[in-house]
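**Student:** The structure follows.
The values are calculated or read from the model by the stated rules, or taken from the named source; none is laboratory data. Everything numeric in this text was worked out from a predicted model, so none of it was measured. In this analysis, Cβ positions are derived from the backbone assuming ideal geometry, glycine residues included, and neighbour counts consider all displayed protein chains. Side chains included, ligands, DNA and RNA excluded: accessible areas come from the protein's heavy atoms. Shrake-Rupley method; radii C 1.70, N 1.55, O 1.52, S 1.80 Å.
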Amino acid sequence: MIIRKGAITIKLLKQIIAAITALTILTLTGCGKDSGTGRVFKYDISANPTTLDPQQANEPNSDTIIGNMFMGLMTIAQDGSVQKGAAEEYSVSADGLTYNFKLRNDIYWIDCTDFEKQCTANDFVFGFMRLFLPETQSPRAKDYFCIKNAKAINEGSITDRNKLGVKAKNDFELEITLEYPNSRFLSMLAEPPAMPCNEEIFKKAKGKYGLSAECTPSNGSFYLKSWTYDKYSITDTNNLILGRNYKNAETQTICPSGLNFFIEDEEDFISDFNNGEVSCLAVSNNDKSQIKGSYKVDEFSNITCGLVFNSKYELFKNENFRKMLCMLVDKNAIKSALSEYETADGVVPKQVSIDGKGYHEIAGNVNIPKYNVRAAKDLFDSISPQIDKTLLTGAKIIVPDSAAQTAVSYIMQEWQREFGFYCKVEMLSENEYSKALQNGDFDIAVLELSGKYNSPAAYLEKFSSSSSENYTGFYSADFENYLNKAQTASSDSSESMSLYLKAEQSLIDHCAFFPLYYKNEYFFTLKKSEDIIYNPFSKTVNFTLAKRYK
């Protein structure tokens, strides 16, 4: 261990905290049965949170800490189902436009300055008001434009803020009115933008709300005791220390006594977990073999890897040419080469569920073109007069990793042998790959399709003409129609699931995305820990119910 003069390293700091925590636990538990509660849980994050203001946050590090500090009207359970949070009861009108909530009266705001106040319906009204005000510049305001007059207020065409469709009937009753139904509105009420905001603390912050411990209150499980960050520091002690919300713990189950978030370089994450310095860790297929020691692991099939074709490349404007290439994808050969990956049978991966039940269990499965050399040749012969043969050489395929490169190598062999279609492959770093997608600097790509929330919409909407992540220029009127109808259904019912399936099938039929294999994520926890909830969509971790045994 190296200790710099006049400084303390992060490793030493973690060891000191661990020793103090262990001593505290021994003192509290004595010789009685260990309940697993009262522990301090530690977790590495990759960067200093940009803000802890829920209405402005938009990245996993911020969202993780916000999720442990704030409570929305609804929460997401470990199985992905939507549960009541600050809402004690709720009802939804038959047309899906009016939501009435009766709030709990035992939720309190606290902070590190000894502020203490009940959380009321007015706090939710003020939170939504801030979300849509133009001066807030919330990056996620548009996600909630289904709320009545939200878009008009955000764009400035309505200046009377009282016209927003969020009203406090009294201190503990809230009404939200929508412009149009939104099938996932309840789950959206568990996400950071929908968190309440106490107007008194916000005004006292004087523009620094969510930027320091003194200006960041909590109505959730934990409050921010301290926030230390200096990007020029050589002490490696950048961290956020959270304590249990003592008021809410009087009426709610909050198991840990505190949380320590250490701001670390990502290359240290695995070693910190292997050394027992942090409680849990999420990794991809590529890194799971590096995990050592005694642990438990949860597996999430939440990424679909598949082929996309850039419509700027002249050949790919022809849908039949794309279809012909997809007919020559031999998934059995890819499966043999990538034995640790599961062959994808849809655009939406298996992890997506509705109230704990798999989306495809409810909606059914899509039909994907089968490997068929004869049919591909017949199709090529029929479109041959329509295509420019000089373009059969030189298409650029970009891939994000060695698994994708292996899959592409088998696919290209078929294309070359049957049609003389030659491509060059470039495996890019994460940053280079992301930049190439955004700039359209590719002809074909193996796209890692992921979603930020648990719904088919999170995956399918990326192919919408209005999406900034529609890198290929794909447009289909039938796809847009199915997706829009599914998203504006009154609930995530069998009807909306059927519409999502039709939208998914449309992507397959138009060869806008050809699924190859699923890529998994793995969430490791120390062997004696349990009930740490990882959300593979938002990449956030919730420690409210976390326990660790001696």
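**Student:** Which ones in the stretch 281-294 are on the phi < 0 side of the Ramachandran plot, surrounded by fewer than 17 Cβ atoms within 10 Å (Cβ to Cβ) and not charged (D, E, K, R)?
**Tutor:** Within the stretch 281-294, Ser284, Asn286, Ser289, Gln290, Ile291, Ser294 qualify.
**Student:** Condition check: modelled with pLDDT of 95 or more, in contact with a Lys or Arg (Cβ under 8 Å, 6 or more places away or on another chain) and among the charged types (D, E, K, R). Does Glu448 satisfy that? Spell out the reasoning first.
**Tutor:** Numbers: modelled with pLDDT of 95 or more: yes; in contact with a Lys or Arg (Cβ under 8 Å, 6 or more places away or on another chain): yes; among the charged types (D, E, K, R): yes.
Yes.
**Student:** Next question, about the same structure. Is it fair to say Gln416 is out of contact with any helix residue (DSSP H, G or I) (no Cβ under 9 Å at 6 or more places or on another chain) and of a type in the set (S, T, N, Q)? Working first, answer last.
**Tutor:** On the way: out of contact with any helix residue (DSSP H, G or I) (no Cβ under 9 Å at 6 or more places or on another chain): yes; of a type in the set (S, T, N, Q): yes.
The answer is yes for Gln416.
**Student:** Given the structure, is Ser434 assigned to a loop (DSSP other than H, G, I, E, B), hydroxyl-bearing (Ser, Thr, Tyr), surrounded by fewer than 19 Cβ atoms within 10 Å (Cβ to Cβ) and at negative phi?
**Tutor:** Numbers: assigned to a loop (DSSP other than H, G, I, E, B): no; hydroxyl-bearing (Ser, Thr, Tyr): yes; surrounded by fewer than 19 Cβ atoms within 10 Å (Cβ to Cβ): yes; at negative phi: yes.
Criteria not met by Ser434.
**Student:** Could I ask something else about it? Quickly run through the stretch 180-211 and pick out the residues that are free of Cβ contacts under 8 Å to residues at least 60 places away in the same chain and either of a type in the set (Val, Ile, Thr) or assigned to a loop (DSSP other than H, G, I, E, B) (or both).
**Tutor:** Passing the criteria: Lys206, Gly207, Lys208.
**Student:** If I go through the stretch 459-495 residue by residue, how many of them are aliphatic (A, V, I, L, M), open to solvent by less than 50 Å² (accessible area, probe 1.4 Å) and either free of Cβ contacts under 8 Å to residues at least 40 places away in the same chain or farther than 22 Å from Leu97 by Cα (or both)? Steps first, answer last, please.
**Tutor:** Here is the first cut: in the stretch 459-495, the residues aliphatic (A, V, I, L, M) are 460, 477, 483, 486, 489.
Filter again for open to solvent by less than 50 Å² (accessible area, probe 1.4 Å), leaving 460, 483, 486, 489.
Those left that are additionally either free of Cβ contacts under 8 Å to residues at least 40 places away in the same chain or farther than 22 Å from Leu97 by Cα (or both): 460, 483.
Of the residues in that region, 2 qualify.
**Student:** If I go through the stretch 338-363 residue by residue, how many of them are open to solvent by less than 20 Å² (accessible area, probe 1.4 Å), farther than 14 Å from Ser301 by Cα and in contact with a Phe, Trp or Tyr (Cβ under 9 Å, 6 or more places away or on another chain)?
**Tutor:** Adding up the residues that qualify gives 1.
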